[in-house]
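Following: one structure in structure tokens, then a few remarks.
Bear in mind these aren't lab numbers, they're just calculated from the coordinates by the rules spelled out. Quantities reported herein were computed from a predicted structural model and do not represent experimental measurements. No Cβ is skipped: glycine too gets one built from the backbone with ideal geometry, and neighbour counts run over all protein chains shown.
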Amino acid sequence: MAHPKRKHSRSRSRKRRTHQKVSKPLLVECKECHRQKKAHMVCPFCGYYGGKEVVKIEIKEKKKKQ
Ligand SMILES: [Zn+2]
């Protein structure tokens, strides 16, 4: 099997990895609550997607009552 003759320097490995980056999630403004949310995802704050309530969010309502 092919085998590396010499150890790569840390610098060499790090130079290669400068191209590996985690991209930021695409954020858009929610049409219902006007907060930043991920595009193509149900809003985590109001539970709306495409002008309809898809998921009911109960955590905040409970906190307000207490
Ligand atoms: Zn929202």
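Of all residues in segment 21-41, which are more than 7 Å from the ligand (Cβ to nearest atom), over 14 Å from the mean Cα position of the chain (by Cα) and basic (Lys, Arg)? Steps first, please.
So in segment 21-41, the residues more than 7 Å from the ligand (Cβ to nearest atom) come out as 21-29, 31, 34, 36, 38-41.
When the remaining residues are screened for being over 14 Å from the mean Cα position of the chain (by Cα), the result is 29, 31, 34.
The answer is Lys31, and nothing else.
For segment 15-33, how many residues meet the condition of being in a loop (DSSP other than H, G, I, E, B) and surrounded by 11 or more Cβ atoms within 10 Å (Cβ to Cβ)? If you could, list the steps in order and put the result at the bottom.
Within segment 15-33, the first condition is being in a loop (DSSP other than H, G, I, E, B), and the residues that meet it are 18-26, 30-33.
The next check asks that each one be surrounded by 11 or more Cβ atoms within 10 Å (Cβ to Cβ); those that pass are 30-33.
Residues meeting the conditions: 4.
Search segment 42-57 for residues being more than 7 Å from the ligand (Cβ to nearest atom) and not in a loop (DSSP other than H, G, I, E, B), and hand back the single one that is surrounded by the fewest Cβ atoms within 10 Å (Cβ to Cβ).
Step one: filter segment 42-57 for residues more than 7 Å from the ligand (Cβ to nearest atom), giving 42, 44, 47, 49-57.
Next cut, not in a loop (DSSP other than H, G, I, E, B) only: 49, 52-53.
On the way: Tyr49: 17, Lys52: 9, Glu53: 13.
Among those that are more than 7 Å from the ligand (Cβ to nearest atom) and not in a loop (DSSP other than H, G, I, E, B), it is Lys52.
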